[in-house]
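*Asks:* Dumping the structure here so I can ask a few things about it.
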Amino acid sequence: MTPKATTDDADGTLRAAQAALGAAHAAVYGYGVLGGRLEGDRRSDATAACDAHRARRDTLVRTVRDLGGTPVAAHAAYALPFAVRDPATAIRLAAVLEDRVAGVCSDLVRAARGPLRQDAAGALREAAVRAVRWRGTGVAFPGLTERAAPPDNTAEAGATDATH
(Lines give C-alpha, C1' and ligand atoms only; values in the text may rest on other atoms or scores of the structure.)
Protein backbone atom coordinates (compact mmCIF):
# COMPACT_ATOMS: atom_id res chain seq x y z
CA MET A 1 0.00 0.00 0.00
CA THR A 2 1.31 3.42 -0.89
CA PRO A 3 1.58 6.25 1.66
CA LYS A 4 -1.11 8.18 -0.26
CA ALA A 5 -3.51 5.23 0.02
CA THR A 6 -2.79 4.98 3.74
CA THR A 7 -3.52 8.70 4.18
CA ASP A 8 -6.71 8.43 2.13
CA ASP A 9 -7.84 5.43 4.21
CA ALA A 10 -7.17 7.28 7.46
CA ASP A 11 -8.98 10.38 6.20
CA GLY A 12 -11.95 8.27 5.13
CA THR A 13 -12.08 6.55 8.49
CA LEU A 14 -11.93 9.89 10.30
CA ARG A 15 -14.72 11.34 8.11
CA ALA A 16 -16.89 8.28 8.74
CA ALA A 17 -16.23 8.43 12.49
CA GLN A 18 -17.12 12.14 12.52
CA ALA A 19 -20.36 11.39 10.64
CA ALA A 20 -21.20 8.65 13.14
CA LEU A 21 -20.51 11.07 15.98
CA GLY A 22 -22.77 13.67 14.38
CA ALA A 23 -25.54 11.09 14.05
CA ALA A 24 -25.11 10.10 17.69
CA HIS A 25 -25.47 13.76 18.73
CA ALA A 26 -28.63 14.03 16.63
CA ALA A 27 -30.04 10.78 18.04
CA VAL A 28 -29.53 11.96 21.63
CA TYR A 29 -31.36 15.18 20.76
CA GLY A 30 -34.15 13.34 18.93
CA TYR A 31 -34.75 10.94 21.78
CA GLY A 32 -34.97 13.92 24.12
CA VAL A 33 -37.78 15.28 21.96
CA LEU A 34 -39.70 12.07 21.42
CA GLY A 35 -39.35 10.74 24.96
CA GLY A 36 -41.80 13.32 26.25
CA ARG A 37 -44.52 11.92 24.00
CA LEU A 38 -44.24 8.35 25.26
CA GLU A 39 -45.40 6.56 28.38
CA GLY A 40 -44.76 3.31 30.17
CA ASP A 41 -42.63 0.68 28.46
CA ARG A 42 -42.15 2.80 25.36
CA ARG A 43 -40.75 5.65 27.43
CA SER A 44 -38.40 3.16 29.12
CA ASP A 45 -37.34 1.92 25.66
CA ALA A 46 -36.64 5.50 24.59
CA THR A 47 -34.59 6.16 27.73
CA ALA A 48 -32.53 3.02 27.15
CA ALA A 49 -31.97 3.96 23.50
CA CYS A 50 -30.93 7.50 24.44
CA ASP A 51 -28.50 6.11 27.03
CA ALA A 52 -27.05 3.77 24.38
CA HIS A 53 -26.57 6.68 21.99
CA ARG A 54 -24.91 8.76 24.71
CA ALA A 55 -22.49 5.94 25.42
CA ARG A 56 -21.80 5.48 21.69
CA ARG A 57 -21.30 9.23 21.34
CA ASP A 58 -18.73 9.23 24.14
CA THR A 59 -16.91 6.30 22.53
CA LEU A 60 -16.91 8.07 19.17
CA VAL A 61 -15.47 11.24 20.73
CA ARG A 62 -12.51 9.16 21.91
CA THR A 63 -12.29 7.41 18.53
CA VAL A 64 -12.15 10.68 16.62
CA ARG A 65 -9.42 11.95 18.94
CA ASP A 66 -7.49 8.69 18.54
CA LEU A 67 -7.71 9.16 14.77
CA GLY A 68 -6.18 12.62 15.13
CA GLY A 69 -9.33 14.66 14.68
CA THR A 70 -11.25 17.19 16.70
CA PRO A 71 -14.68 15.73 17.51
CA VAL A 72 -17.64 17.53 15.95
CA ALA A 73 -19.71 19.33 18.56
CA ALA A 74 -23.40 18.81 19.05
CA HIS A 75 -25.70 21.47 17.68
CA ALA A 76 -27.97 23.35 20.07
CA ALA A 77 -30.96 21.95 18.17
CA TYR A 78 -31.63 19.72 15.16
CA ALA A 79 -34.33 19.99 12.51
CA LEU A 80 -36.68 17.05 12.85
CA PRO A 81 -38.03 15.41 9.69
CA PHE A 82 -41.61 15.93 10.91
CA ALA A 83 -43.50 17.26 13.94
CA VAL A 84 -43.65 14.96 16.94
CA ARG A 85 -47.11 15.46 18.39
CA ASP A 86 -48.19 12.10 19.76
CA PRO A 87 -46.92 8.60 20.58
CA ALA A 88 -47.31 7.42 16.98
CA THR A 89 -45.10 10.17 15.56
CA ALA A 90 -42.65 9.73 18.44
CA ILE A 91 -42.29 6.05 17.58
CA ARG A 92 -41.92 6.90 13.91
CA LEU A 93 -39.15 9.40 14.73
CA ALA A 94 -37.34 6.80 16.84
CA ALA A 95 -37.29 4.42 13.86
CA VAL A 96 -36.02 7.19 11.57
CA LEU A 97 -33.26 8.09 14.03
CA GLU A 98 -32.13 4.48 14.23
CA ASP A 99 -32.19 4.12 10.44
CA ARG A 100 -29.98 7.20 10.13
CA VAL A 101 -27.57 5.92 12.75
CA ALA A 102 -27.44 2.55 10.99
CA GLY A 103 -26.60 4.33 7.74
CA VAL A 104 -23.59 6.18 9.12
CA CYS A 105 -22.45 3.10 11.03
CA SER A 106 -22.57 1.22 7.75
CA ASP A 107 -20.25 3.84 6.27
CA LEU A 108 -17.90 3.45 9.23
CA VAL A 109 -17.88 -0.33 8.81
CA ARG A 110 -16.76 0.16 5.20
CA ALA A 111 -14.08 2.72 6.11
CA ALA A 112 -12.60 1.20 9.26
CA ARG A 113 -10.37 -1.77 9.95
CA GLY A 114 -9.73 -3.97 12.96
CA PRO A 115 -11.43 -3.29 16.30
CA LEU A 116 -13.02 -0.05 15.09
CA ARG A 117 -14.70 -1.95 12.28
CA GLN A 118 -16.00 -4.52 14.76
CA ASP A 119 -17.32 -1.75 17.03
CA ALA A 120 -19.02 -0.06 14.06
CA ALA A 121 -20.61 -3.35 13.02
CA GLY A 122 -21.91 -3.79 16.56
CA ALA A 123 -23.34 -0.25 16.53
CA LEU A 124 -24.98 -0.94 13.16
CA ARG A 125 -26.54 -4.12 14.51
CA GLU A 126 -27.80 -2.35 17.65
CA ALA A 127 -29.36 0.48 15.64
CA ALA A 128 -30.99 -1.98 13.25
CA VAL A 129 -32.47 -3.98 16.13
CA ARG A 130 -33.82 -0.83 17.78
CA ALA A 131 -35.32 0.30 14.45
CA VAL A 132 -37.12 -3.03 14.12
CA ARG A 133 -38.43 -2.74 17.66
CA TRP A 134 -39.75 0.75 16.99
CA ARG A 135 -41.11 0.08 13.51
CA GLY A 136 -42.28 -3.48 14.01
CA THR A 137 -40.62 -4.63 10.77
CA GLY A 138 -37.09 -4.96 9.50
CA VAL A 139 -35.25 -4.30 6.28
CA ALA A 140 -33.10 -6.69 4.29
CA PHE A 141 -29.87 -4.71 4.58
CA PRO A 142 -29.95 -2.28 7.51
CA GLY A 143 -27.78 0.76 7.01
CA LEU A 144 -27.90 0.62 3.22
CA THR A 145 -30.22 3.14 1.66
CA GLU A 146 -31.74 2.03 -1.59
CA ARG A 147 -31.38 5.20 -3.65
CA ALA A 148 -31.60 3.87 -7.18
CA ALA A 149 -34.81 2.80 -8.83
CA PRO A 150 -34.87 -0.89 -9.78
CA PRO A 151 -34.20 -1.75 -13.43
CA ASP A 152 -37.28 -2.06 -15.63
CA ASN A 153 -36.56 -5.69 -16.43
CA THR A 154 -36.89 -7.02 -12.89
CA ALA A 155 -39.79 -8.25 -10.83
CA GLU A 156 -39.19 -5.27 -8.55
CA ALA A 157 -39.87 -2.71 -11.27
CA GLY A 158 -42.74 -0.46 -10.30
CA ALA A 159 -42.54 -1.47 -6.66
CA THR A 160 -43.76 1.08 -4.14
CA ASP A 161 -42.81 1.74 -0.57
CA ALA A 162 -45.56 -0.62 0.53
CA THR A 163 -44.55 -3.43 2.85
CA HIS A 164 -44.90 -6.86 1.28
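*Asks:* Taking the options R57, R130, name whichever one is buried (at least 19 other Cβ atoms within 10 Å of the Cβ), charged (D, E, K, R) and touching a residue at least 60 places away in the same chain (Cβ under 8 Å).
*Replies:* Within the list R57, R130, the selection yields R130.
Residue-by-condition table, conditions (1) out of contact with any helix residue (DSSP H, G or I) (no Cβ under 8 Å at 6 or more places or on another chain); (2) modelled with pLDDT of 95 or more; (3) open to solvent by 30 Å² or more (accessible area, probe 1.4 Å):
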residue: C50; (1), (2), (3): no, yes, no
residue: Y78; (1), (2), (3): no, yes, yes
residue: D86; (1), (2), (3): yes, yes, yes
residue: D107; (1), (2), (3): no, yes, yes
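*Asks:* Out of the residues in region 8-21 that are surrounded by fewer than 20 Cβ atoms within 10 Å (Cβ to Cβ) and in contact (Cβ under 8 Å) with a residue 60 or more places away in the chain, which is nearest to T59 (Cα to Cα)?
*Replies:* Per the stated criteria, the residue is A19.
The values are calculated or read from the model by the stated rules, or taken from the named source; none is laboratory data. Values in this document were obtained by computation on a predicted structure and should not be read as measured data. When we count neighbours, we look across all protein chains shown, and the Cβ atoms used for this are built from the backbone with ideal geometry, even at glycine. These area figures cover heavy atoms from the full protein model, side chains too; ligands, DNA and RNA do not enter into them. Shrake-Rupley method; radii C 1.70, N 1.55, O 1.52, S 1.80 Å.
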